[in-house]
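Beneath this line is the structure, given in structure tokens, with notes to follow.
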Amino acid sequence: MSVAQGTVLSGLGVGLNSAVGEVHIVKPQAPLPEWTKSSKSVDEERAALKTAISNVSENLDALGVRAGGTSAEIFEALKFLLEDEELFEVAEGNLDDGWTAGAAYGMAVNTFAEILGGDPDFDERVKDLQDLSRRVQADLAGIEMALTLPEIGRYVLVGDDFSPADTAQFTKAVVGVITLKGGPTSHTAIICRSRSIPAVVSCGAAADLENGDTVLVDPVGDRVVFGGDETLATKAIEFVALNEEPVIPVRANIGTLADAEGATAETKAEGVGLFRTELLYLSANTAPSIDDQVASYSAILAAAPAGPIVVRTIDAGSDKPVPFLNMPHEENPSLGVRGYRLIQDHREFIEDQLKSLELARVATGREVWVMAPMIATVGEAKAFADLARSIGGYKVGVMVETPSIAAMIEQLEGVVDFVSVGTNDLSQYLFAADRMNPSLGALLNHWQPGLIRTLARIADGGKKAGISVGVCGESASDPAFAVVLAGLGITSVSVSKSQVTVVRNALSSLDLGACKEIANKVLAATSPEAAKAAALDALSQL
Amino acid sequence: MSAIAHEVEVLDPIGLHARPASQIVKLVKESGLTITIGREGEEFVKANSALMLMSLKIKTGEKLTLQIETED
């Protein structure tokens, strides 16, 4: 089916710039065939396996040349695994048992994966082996494995959703991205925002697009226009900063020393609203000593932009495991033992983290606030606050991600000094919509009235309890939404480094009274489209 | 046909990993010799396979014995 010129396909926009390009459809990878016995001779299967291995080997050569430098050595080492003589011998044994080439190689790799398994030093190699095995099996089945993207030209990628491995392969020729599924907090959206690639996600109607079509990706208009050119692009509201300071502080989200340095050098962020600490632990095989933690924290605190630094204690779970905490597999990791709940089995680790932060706070003389993620009850908030205050002289708060604590903000009076709303997780739990499920993206739209009204109640509760209420989720990166947040009574926002300037400009372009008026109009809406339209309409009349 | 045995110590700080293993395999293949390697008292593996070398799970500082079959 073809699409008529000028047809508008609605979705959710990511970014403030538009792009025109030629449609390049990325098909989901077909599943690999089941392992079966072969109807061909062993010799034929052996020859097929040899050809497939040499095809994959050539492909690795090409990837190595493209990567260059030390990465080329990695591809060289992969080739040694791929073409390993013993591996081939084991595969030949399987061929003799009558299996097809793909099955024989896959089973041989499994044999070695089992031998090497259980040793953390070889985990990555086992993953490499399994990846090679899939490549060989895909080659045998004639299935395209890797994304093959054009290097020159102007292309708009269209696909269901893109994995981290896919987005890592985006070339310079990728000027825009459209996903049929996946929401504004999907991996694709986050990568496109950070790399400034215009994108429209959750755009189901894009299924009708064909290779070679020309489209306008118009994120500000939350749409794709078939055959459209740049003149049709919806202009982002140009916020002109009229005041020196924004109506509420705009802080930066950081995870590493480089983030802290970048936020200081490139932005006017007022401190850090979310320092994600798990990155220091996710790659460690053993618990870092207090000395090591103090050194890392001190360097990051010292480099962070002037202002308070809000540190979140470890936010890990079985989907984001910390190797040395030995987390059991869970059916439902996002509803399982994660964040502060880890204290059940790992109290000492959380205490060490708080001790390290206190030593780093004293060493650097910075204003540090600490908060715990995944708090569901006032009792948990109190337990964390008591623990933190017994260890250090920082302000103490909790994240608001669960609907249960969102209903109890007023009751946190005298318990904590502040709360910070993680809108990504709050949306996930409020709408019972898995953030990782690409089919549920539309429910995770931050303009959903159910979320906005919940935020209004949280802000209200904070005001009554006399505690400050920040927002540190992706939603605050949308400048129009940041204005609404200020109007709802949120007292600070924190956004990724790349969004600080645009959000600051928006919040410096009007006074708090105007923010409140806009928020009231948005609160009257009963659909996300109406809520966003109400905000943009009110903003354009300023 | 005789065998020459030689004891070696693994100095690589991360043990006998994929890259060092594949470098050994490369040299072994170039030499054209039949070389086996292993811990004294355990089963030896052929040094023409990086995967077999890795399967020994050799750590830094371990002593290994190298056996070279030769007619010379």
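The values are calculated or read from the model by the stated rules, or taken from the named source; none is laboratory data. Computed from a prediction, not measured in an experiment: that's the story for all the values here. Cβ: placed from backbone, ideal geometry, glycine included. Neighbour counts: every protein chain shown. Please note that ligands, DNA and RNA were not included when accessible areas were found on the heavy atoms of the full protein model with its side chains. Shrake-Rupley method; radii C 1.70, N 1.55, O 1.52, S 1.80 Å.
Here are some notes:
- Of the residues making up the stretch A:320-377, just one is open to solvent by 60 Å² or more (accessible area, probe 1.4 Å), under 24 Å from the mean Cα position of the chain (by Cα) and of a type in the set (Asp, Glu), namely A:Glu331.
- Per-region count, the stretch A:407-434, residues among the hydrophobic types (A, V, I, L, M, F, W, C), open to solvent by 10 Å² or more (accessible area, probe 1.4 Å) and in contact with a Leu (Cβ under 7 Å, 6 or more places away or on another chain): 2
- Residue match in the stretch A:62-77 (condition: more than 13 Å from chain B (Cβ to nearest Cβ), over 22 Å from A:Ala103 (Cβ atoms) and at pLDDT 80 or above): no
- Count of the stretch B:33-72 residues which are assigned to a loop (DSSP other than H, G, I, E, B) and surrounded by fewer than 17 Cβ atoms within 10 Å (Cβ to Cβ): 13
- Flag if B:Glu30 is assigned to a helix (DSSP H, G or I), away from chain A (no Cβ under 12 Å) and either under 9 Å from the mean Cα position of the chain (by Cα) or surrounded by fewer than 18 Cβ atoms within 10 Å (Cβ to Cβ) (or both): yes
A quick yes/no check of all residues on (1) in contact with a helix residue (DSSP H, G or I) (Cβ under 9 Å, 6 or more places away or on another chain); (2) modelled with pLDDT under 90:
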position	(1), (2)
A:Met1	yes, yes
A:Asn17	yes, yes
A:His24	no, no
A:Ala30	yes, yes
A:Glu34	yes, yes
A:Lys37	yes, no
A:Glu44	yes, no
A:Asn59	yes, yes
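- The stretch A:435-451: number of residues that are out of contact with any Asp or Glu (no Cβ under 7 Å at 6 or more places or on another chain) and surrounded by fewer than 24 Cβ atoms within 10 Å (Cβ to Cβ): 11
- Enumerated helices (runs of 4 or more DSSP H) restricted to the stretch A:17-127, each holding at least 1 residues that are polar (S, T, N, Q) and within 30 Å of the chain's Cα centre (by Cα): A:42-67, A:69-82
- Some residue of the stretch A:257-267 being in a loop (DSSP other than H, G, I, E, B), over 23 Å from A:Ser468 (Cβ atoms) and among the polar types (S, T, N, Q): no
- Scanning the stretch A:453-466 for residues that are out of contact with any helix residue (DSSP H, G or I) (no Cβ under 6 Å at 6 or more places or on another chain) and open to solvent by less than 50 Å² (accessible area, probe 1.4 Å) yields one hit, A:Gly462.
- Given (1) away from chain B (no Cβ under 11 Å); (2) touching a strand residue (DSSP E or B) at 6+ places or on another chain (Cβ under 9 Å), number of the condition A:Glu85 does not satisfy: (1)
- Matching residues in the stretch A:490-516 - criterion: being in a strand (DSSP E or B), open to solvent by less than 20 Å² (accessible area, probe 1.4 Å) and among the hydroxyl-bearing types (Ser, Thr, Tyr): A:Ser492, A:Ser494
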